[in-house]
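The values are calculated or read from the model by the stated rules, or taken from the named source; none is laboratory data. Everything numeric in this text was worked out from a predicted model, so none of it was measured. Neighbour counts run over all protein chains shown; Cβ positions are idealised from the backbone, glycine included. We work out accessible area using only protein heavy atoms, side chains counted, and drop any ligands, DNA or RNA first. Shrake-Rupley method; radii C 1.70, N 1.55, O 1.52, S 1.80 Å.
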Amino acid sequence: MGTENPNPRNYPLRPAATPFASPQSSTPFASPQSSTPFASQQSSTPFASQQSSTPFLSSGPVVGSEAPVFRPGPPSASNFPAPPFSGGPLVGTEAPAFRLPPSSRSSEGVRPPPPPSSGGPPTSGFQSFPNPPMPSAGQVPPPQISHTGRPAFAPPTRPPPGPASIFSQPQPPLASMGSPPQSLKTGQPNPNIPPPADQHFFSAPRPSSQPTSPPTGTSYAAGRGIYPGYANMQLNSVSQDPPMQPASFQLQQGGYGPRLQSASFPLQQGGYAPRAPPTSLLAQQRGYAPIPPVSTPSGIYPGNQFQQHGIAPPVAAQQGLAEDFSSLSLGSIPGSFDAGLDNTALPRPLDGDVEPKCFADMYEMNCKSRFLRLTTSGIPNSQSLASRWHLPMGAVVCPLAETPPGEEVPIVNFATGIIRCRRCRTYVNPYVAFTDNGRKWRCNICSLLNDVPSDYFAQVDASGRRVDLDQRPELIKGSVEFIAPAEYMVRPPMPPLYFFLIDVSISAVKSGMLEVMAQTIRSCLDNLPGSTRTQIGFITYDSTIHFYNMKSSLPQPQMMVISDLDDVFVPLPDDLLVNLSESRSVVEAFLDSLPSMFQDNMNVESAFGPALKAAFLVMSQLGGKLLIFQNTLPSLGAGRLKLRGDDIRIYGTDKEHTIRLPEDSFYKQMAADFTKYQIAVNVYAFSDKYTDIASLGTLAKYTGGQVYYYPNFQASIHKDKLKHELSRDLTRETAWEAVMRIRCGKGVRFTSYHGNFMLRSTDLLALPAVDCDKAYAAQLSLEETLLTTPTVYFQVALLYTSSSGERRIRVHTAAAPVVADLGEMYRLADTGAIISLLSRLAIEKTLSSKLEEARNAIQLRIVKALREYRNLYAVQHRLSGRMIYPESLKFLPLYGLALCKSLPLRGGYSDVQLDERSAAAYTMMALPVKSLLKLLYPNLVRVDEYLVKVSLLRSCFLCWSMIWYVSYLLPMSSQTEEFDTKKRLPLTVESLDTRGLYIFDDGFRFVVWFGKALSPDITKNLVGEDFATDFSKVSLSQRDNYVSRKIMEILNQYRKSDPSYFQLCHLVRQGDQPREGFFLLTSLVEDQTGGANGYADWMSLLYRQVQQNA
Amino acid sequence: MVKLTMIARAIDGLPLVEGLDDGRDVQDTEFYKQQVKALFKNLARGQNEPSRMSIETGPYIFHYIIEERVCYLTMCDRAYPKKLAFQYLEDLKNEFERVYGNQIETAARPYAFIKFDTFIQKTKKMYQDTTTQRNISKLNDELYEVHQIMTRNVQEVLGVGEKLDQVSQMSSRLTSESRMYADRAKDLNRQALIKKWAPVAVVLGVVFLLLYVRNRFW
């Protein structure tokens, strides 16, 4: 009996077993049997009854409903106590047959069991059941009869149906694959199922069957095993001694819940079930014990349940297998996917980024995934295995990711030096082992035995845990911050320093940039980090360079103009960089007068290079953050750039990539100098014309900075965006003069790093400034041919100066298992991290080759990965006409497609402006995983229904008074909360209804799309009286009506959830070309646009390529 | 001209504050900072240093005062009036004690009071120019007597510690080497003994063997 418990997990499995749909035709009985051995017997009768009572089918899911149905049919059956027996034996025989097939599958499929909840699937099962043939047989013939009948039918029919049904049930959309995924999510690994128990069970009854089922076997296996077991048990119990039965049942219940009951009963009930009145059924469900009589009521239940759970939905019919993987039906012939490929069945990440959970569950002390994500948590144990993993292997690190309140990283202060490994310099972490009664600790990365300093000593208890564990966050938490002692300082902690290099040529003034910028900085002065230590300074430039003396004793800043651009010098030794709190009034006076000072400036030149050098001279003593506001192409002095422009003729040639590289080595050289002196550069570019972002961005790339690009900046439109992003840049918590190193265990090594930083030695990243919006990726390779350790550890250490002037070390530690099986690697894969790494590799590739090649490289990697995966399973399964992929990577093809269509990689000459391409590339190189995924597959949400509903409710409100008040109040409040969970729509034109109003949000902008047939009321409410005019001139602002307020609420809610960038709202009316195309249509990644594939085409393309050479 | 300013805890040499953008126009800033750190370590070792002292180093001169277990140190040009330098340190001391006086013992991390650097910077500027009226009047002020303050050379000061170190090192080397010598002497003695008697023993052995063999077989 004990063995039964394990079954619960299996429970889900059953459904798989029930291949009813297909079997039906053969004989009703057969189908039930297939579902589960015991089921078959009992089920036969119950089913029959049900089937006959067609009504069930419809009602399917509801147990209660089913029950009633049963009653009528079964009555006769219930009477026989004997039937169970007879049924039992039969079952037993059947069961073995069953098992065998399943077992084989199970071995193949590592997959976890189907979804636990019976609720959903049942319905489908019911429907399938309907087979009329059964009813008569089931009802009329006593259980015995049914048995006899079954054996003949069942064997043949069952095996095939079983698998199919399993898949289909869970996820209708994914034809076959559906179910497995769910199980995955639940995170039931094979191990979950207690294999021994099952085996035991089985073995007793039928040795042959047992062996077949793999011990580790997936839940499926277990499930199947269980079934047989049940059957046996029941049989035994019945035959041997009646009293036993109840007990056994109970046990089962414990494990399974309802199912067990059903299963166990079924045998007994076989005949009886039908009889039991509905009420009785319920009772049974709750507690069997009372039921001992068992026979009657229970029987009914089981049958129903079976059907529900076990029955495979007809959908599955094609070829469900109890696999480990997900699949997509593409029709049997590669070319003919039109028929086979169901658009709605394609996997879509409509829930956003779903992080793999199993990894975190395995190692609880790992740092949170927001800090560190591995592309696959299963580290291959050999190079040959690693070479079969065609996707990038590595990690994406966001060392300062924002933490929700309550999960702050604990701060640790060691009075006498930080505890580190002598050899590899690893910081003490939760995975180190204390030995020798606490006097030594073993480094988890290089396994060297270190001494524990006397003041860090603590006794170790019997289980090897230190007694003071709960007072040592560094030994419990995967993420901690150490206060660094003096050895970690080359100089005293620097103060936060902000230096502004501002273009004041005519275009800057005309676009209104100068004014917005000055206002924003002024409003942020209070919130700059660093309190009284913060330093600030300004330089402006056009064809000359202007310095400002901000000495605190001056009433007004003094301006000094340097026009010698060849030999830049600093006119004043001090006071160009001042303490903000002391010179506050002067700084404010400067910012107030800045826009008016250059109001009439007609200068069109830009001495950017010399100004950059001047800023460098001023800042080099301290380092800090340099914010550059550039409006035109640098035209004077060093670093002058040519209007090399976007030449259509260069596309497709070998020189194509040169336009994406910095033109002048001046910029790279400056960037190197900046990094050396701890200066981070953020570039704000505003021009409507070509400004060579590729060159300017180099400054940000090598100094850990960021590029903000506002093409064609107009203060009236982009004001809010610049304001928000600049103030976030100025006020977010920043880490200064930082260096970062990622250590990892023996045998693996980080070989390359991707992101915005400067590599100081082979593995030390120099980061003059870091903040929560920056992530870094690194690629991993195996150094040794064979890894012998069971676990590989990673440790990210970021040494930085906080804005408050403390030197700290932030340490994130994570462990990952070493696996020997490629399937396991796939199972532990993390699509988000893979895509993040893949995008960085692709963007880097565009700097050395054509766009086309970069796109092909992505495609090739995905194809190779899927092909390898297919080869894993092709042997055991008939896979024709199906594309298979691991559940963990189900979104990989879609994200890959989105990546190919993203700004940096999209199309060719005419598709994206060169500057925009470069800016997007620089941005994507630094984006954390979550933001990147959102950018690649943005949210599309329909809001008009929500708005209308709410406003209707509201009008009711006004009309009806108190009575209605109460009744509406509740729904209304619930609806507002309900909104954020609103369904995201697939990104295709088909999702857009002409009567709808949609919001499209990619993290960087909103597009509000007005359908042609949208009620004019809404439009009028949103944009005012001039709703018929050109939308490019209208902005969405709060108006005094309910709809407008509501939509602003929604937008603000979205903005709040993703504050790193400001989402500027663009209004677009359907059919309003080219605006609609520009803003929205090109971003609908699932559609075919400008020569790029649509999602369905893409999938079939991948499928065909996977097939080739497969 | 004040070039460098540092404040440290005297008992353990933990740096508490350092002037902002110090050493901008000094050639070997790092070198002098190292010297200062060595100096702090010396002080922390509890050598009986006077609480006020000037130490010459290259073209510059360190001045320091120790008050309430805090050491205030500055580095100036040699030509900079001693009187002003000590006035400057007094100013720092007064402000520092006022603001952080009660937290000095509990400071656990280096540069715990780095915020004080803004005050240092401000004060430094006041002392930058020796010709201002304010500074001239201070120079003429006889209230503060600096003539007795000892001036020594940095090599001397750092040397004291170094020499002591050397002596102890040498003596320890001496003891260990003499022990080694004794061991080796014993060893040699034994070897000499063996050398002396080994041939005799061998000859005797052979003789006895022969005798034994003869007795046995004949």
Region A:358-392, residues that are among the hydrophobic types (A, V, I, L, M, F, W, C), part of a helix (DSSP H, G or I) and within 18 Å of the chain's Cα centre (by Cα): A:CYS358, A:PHE359, A:ALA360
State which residue is surrounded by the most Cβ atoms within 10 Å (Cβ to Cβ) when the search covers only region A:774-803 and only residues that are in contact with a helix residue (DSSP H, G or I) (Cβ under 8 Å, 6 or more places away or on another chain) and at pLDDT 90 or above. A:ALA775
Could you say whether any residue in region B:95-110 is within 16 Å of B:ARG9 (Cβ to Cβ), more than 14 Å from chain A (Cβ to nearest Cβ), β-branched (Val, Ile, Thr) and open to solvent by 30 Å² or more (accessible area, probe 1.4 Å)? no
Hey, which of the helices (runs of 4 or more DSSP H) in region A:835-927, taking only ones fully inside, have at least 1 residues that are in contact with a Gly (Cβ under 6 Å, 6 or more places away or on another chain), at pLDDT 90 or above and at negative phi? A:851-874, A:914-924
On the given criteria, is A:VAL1068 at pLDDT 85 or above, closer than 19 Å to A:VAL912 by Cβ and either outside any loop (DSSP other than H, G, I, E, B) or not basic (Lys, Arg) (or both)? yes
Residues in region A:424-464 that are loosely packed, with under 13 Cβ neighbours inside 10 Å and closer than 23 Å to A:VAL792 by Cβ total 1
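Inspect region B:81-94 for any residue being within 13 Å of chain A (Cβ to nearest Cβ), touching a Phe, Trp or Tyr at 6+ places or on another chain (Cβ under 9 Å) and among the aliphatic types (A, V, I, L, M) and give the result as yes or no.
Looking through region B:81-94, none of the residues is within 13 Å of chain A (Cβ to nearest Cβ), touching a Phe, Trp or Tyr at 6+ places or on another chain (Cβ under 9 Å) and among the aliphatic types (A, V, I, L, M).
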Residue count for region A:606-621, restricted to those that are open to solvent by less than 10 Å² (accessible area, probe 1.4 Å), within 19 Å of A:ASP575 (Cβ to Cβ) and away from chain B (no Cβ under 11 Å): 3
Right, B:ASN135: in contact with a helix residue (DSSP H, G or I) (Cβ under 7 Å, 6 or more places away or on another chain) and either part of a helix (DSSP H, G or I) or open to solvent by 90 Å² or more (accessible area, probe 1.4 Å) (or both) or not? yes
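Matching residues to (1) open to solvent by less than 70 Å² (accessible area, probe 1.4 Å); (2) within 24 Å of A:LEU765 (Cβ to Cβ); (3) modelled with pLDDT of 90 or more:
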| residue | (1), (2), (3) |
| --- | --- |
| A:ALA360 | yes, no, no |
| A:TYR363 | yes, no, no |
| A:SER377 | yes, yes, no |
| A:MET393 | yes, yes, yes |
| A:CYS398 | yes, yes, yes |
| A:ALA401 | yes, yes, yes |
| A:VAL409 | yes, yes, yes |
| A:ALA415 | no, no, no |
| A:CYS421 | yes, yes, yes |
The lone exception for B:ALA85 - which of (1) in contact with a His (Cβ under 8 Å, 6 or more places away or on another chain); (2) within 25 Å of A:LEU572 (Cα to Cα); (3) open to solvent by 10 Å² or more (accessible area, probe 1.4 Å) it fails: (3)
Hey, any hits in region A:429-445 for a residue that's within 35 Å of the chain's Cα centre (by Cα), assigned to a loop (DSSP other than H, G, I, E, B) and on the phi > 0 side of the Ramachandran plot? no
Residues that are touching a Lys or Arg at 6+ places or on another chain (Cβ under 9 Å) and under 20 Å from A:GLY996 (Cβ atoms): does region A:1088-1110 have at least one? no
Quick one: is B:ALA182 within 14 Å of chain A (Cβ to nearest Cβ) and of a type in the set (Gly, Ala, Ser)? no
Report whether or not B:LYS115 is open to solvent by 10 Å² or more (accessible area, probe 1.4 Å), in contact with a Ser or Thr (Cβ under 8 Å, 6 or more places away or on another chain) and more than 14 Å from every other protein chain (Cβ to nearest Cβ). no
For region A:490-535, give me each residue that is within 22 Å of A:MET740 (Cα to Cα), hydrophobic (A, V, I, L, M, F, W, C) and surrounded by 18 or more Cβ atoms within 10 Å (Cβ to Cβ). A:MET494, A:LEU497
Looking only at region A:479-491, and only at residues there that are modelled with pLDDT under 90 and touching a Pro at 6+ places or on another chain (Cβ under 7 Å), the one that is nearest to the other protein chains (Cβ to nearest Cβ): A:ALA486
Checked region A:1050-1061 for anything open to solvent by 30 Å² or more (accessible area, probe 1.4 Å) and outside any helix (DSSP H, G or I); matches are A:PRO1059
Take the residues in region B:14-31 that are open to solvent by less than 20 Å² (accessible area, probe 1.4 Å), within 11 Å of chain A (Cβ to nearest Cβ) and part of a loop (DSSP other than H, G, I, E, B), then tell me which one is modelled with the highest pLDDT. B:GLY19
Identify all residues within region B:58-82 that are crowded, with 19+ Cβ neighbours inside 10 Å and either of a type in the set (A, V, I, L, M) or in a helix (DSSP H, G or I) (or both); write none if there are none. B:ILE61, B:ILE65, B:VAL70, B:LEU73, B:MET75
Would you call A:LYS689 over 25 Å from A:THR813 (Cβ atoms), modelled with pLDDT of 90 or more and open to solvent by 30 Å² or more (accessible area, probe 1.4 Å)? no
